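The values are calculated or read from the model by the stated rules, or taken from the named source; none is laboratory data. Nothing here was measured: the structure is a model prediction, and the numbers come from that model. Methodologically, a virtual Cβ is constructed for each residue, glycine included, from the backbone with ideal geometry; neighbour enumeration extends over all protein chains shown.
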Amino acid sequence: MQTLVECVPNFSEGRDKAKVDAIVEAMKLDGVYLLDREMDADHNRCVITIAGERQAVQEAAIRGVGKAAELIDLNRHQGAHPRLGAADVVPFIPIEGVSIEDCVAMARQAGEQIWKRYQIPVYFYEAAATSPERQNLENIRRGQFEGIRSEIATNPARRPDFGDPQLHSTAGACVVGARKFLVAYNIFLNTTDVSVAKKIAKAVRFSTGGLRFVKAAGFLVRGQAQVSMNLTDFEQTPMHRVFEMVRAEAARYGVTPSSSEIVGLVPKKALEQAAEWYLRVENFESSLILENRLTAVMGGKMAVGGIRAGVEPFIEQLAAPIAAPTRSRP
């Protein structure tokens, strides 16, 4: 069976394109596909999305961490986003033929190699965490590079899971984990008052009484207040529900959402959920979407009734070296 794993490493560089290019280049291996890259100057952070066969993806992620350590000095790094390492977070996500347990094993192996090759200490989070307190990334990263650097040798709670109890002098530490698919979703407000975004984030995030499976913080990005969120289970807490809660909270302060953005990739199902909710489509199901229906039919997954018999010959005619067929419309 084919194994397909996604990895979405976050690096503490969002302003120097040449450095990001070099990190991406270091991750190029046979069997690894670059799906997306995002840079944000305000956060001073980039997000790279790769996918492929598990061993190749694991090695690519390790090499990316090494290249980031060569190029990024956290002593000089300034940005809105919290960070502990030059390669800050490296999560492995199961896609096909791979379980979350397999991704935990990948995280542990990658963490060991990151320490052995580059002397960067490693913390494990989410499903790969070694203790309940370390499941949440926020708990590990609290205090960031500067704060943890002063505590790691004296506070047992700050000791890394792999490596010596001291941060790499310029690259800090790396947080490696295994998790389900995460949607990075940010909402901009029509105000420059970042305190409003922080208040809304507090109301929305689960840890302070908000929505389950939502992590949130407030930042000033591109001259606008931004509610920056990670949706760790979009099926149970969908994007439209999050947007509506942010809009309701914003109204309390006399502001409104002006736009939103998705960082990295998003599952099609997440957008289908939002479309169904906002359009109020009756009896909606994903098979009503043209592309979904074609994929199912062409893959032989809907050989019921007359659907497969009616569509497959038509597709075959389209591929034939004759004039294109036509079909009537009601």
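For region 108-140, which residues satisfy the criterion of being surrounded by 21 or more Cβ atoms within 10 Å (Cβ to Cβ), in contact with a helix residue (DSSP H, G or I) (Cβ under 6 Å, 6 or more places away or on another chain) and assigned to a loop (DSSP other than H, G, I, E, B)? The answer is Ile120, Ala128. Of all residues in region 219-238, those that are within 14 Å of Ala80 (Cβ to Cβ), buried (at least 20 other Cβ atoms within 10 Å of the Cβ) and touching a Leu at 6+ places or on another chain (Cβ under 9 Å) total 3. Of the residues making up region 73-83, not a single one is among the small types (Gly, Ala, Ser) and out of contact with any His (no Cβ under 9 Å at 6 or more places or on another chain). Within region 12-40, residues that are assigned by TED's automatic domain parsing to the domain that holds Leu74 and basic (Lys, Arg) reach partners that are in a strand (DSSP E or B) and surrounded by 15 or more Cβ atoms within 10 Å (Cβ to Cβ) with beta carbons closer than 8 Å, at six or more positions or on different chains, in the pairs Arg15/Met39; Lys17/Met39; Arg37/Cys46; Arg37/Val47; Arg37/Ile48; Arg37/Thr49.
Take the residues in region 141-166 that are hydrophobic (A, V, I, L, M, F, W, C), more than 25 Å from the chain's Cα centre (by Cα) and closer than 24 Å to Ala217 by Cβ; name whichever of them is surrounded by the most Cβ atoms within 10 Å (Cβ to Cβ). Taking the candidates together, the pick is Ile152. Would you tally the residues in region 185-240 being in contact with an Asp or Glu (Cβ under 8 Å, 6 or more places away or on another chain) and assigned to a loop (DSSP other than H, G, I, E, B)? So the answer is 3. When Val175, Val194 are screened for being under 17 Å from the mean Cα position of the chain (by Cα) and closer than 30 Å to Arg149 by Cα, only Val175 passes. The one condition from (1) farther than 23 Å from Gln113 by Cα; (2) surrounded by fewer than 18 Cβ atoms within 10 Å (Cβ to Cβ); (3) of a type outside the set (S, T, N, Q) that His81 does not meet is (2).
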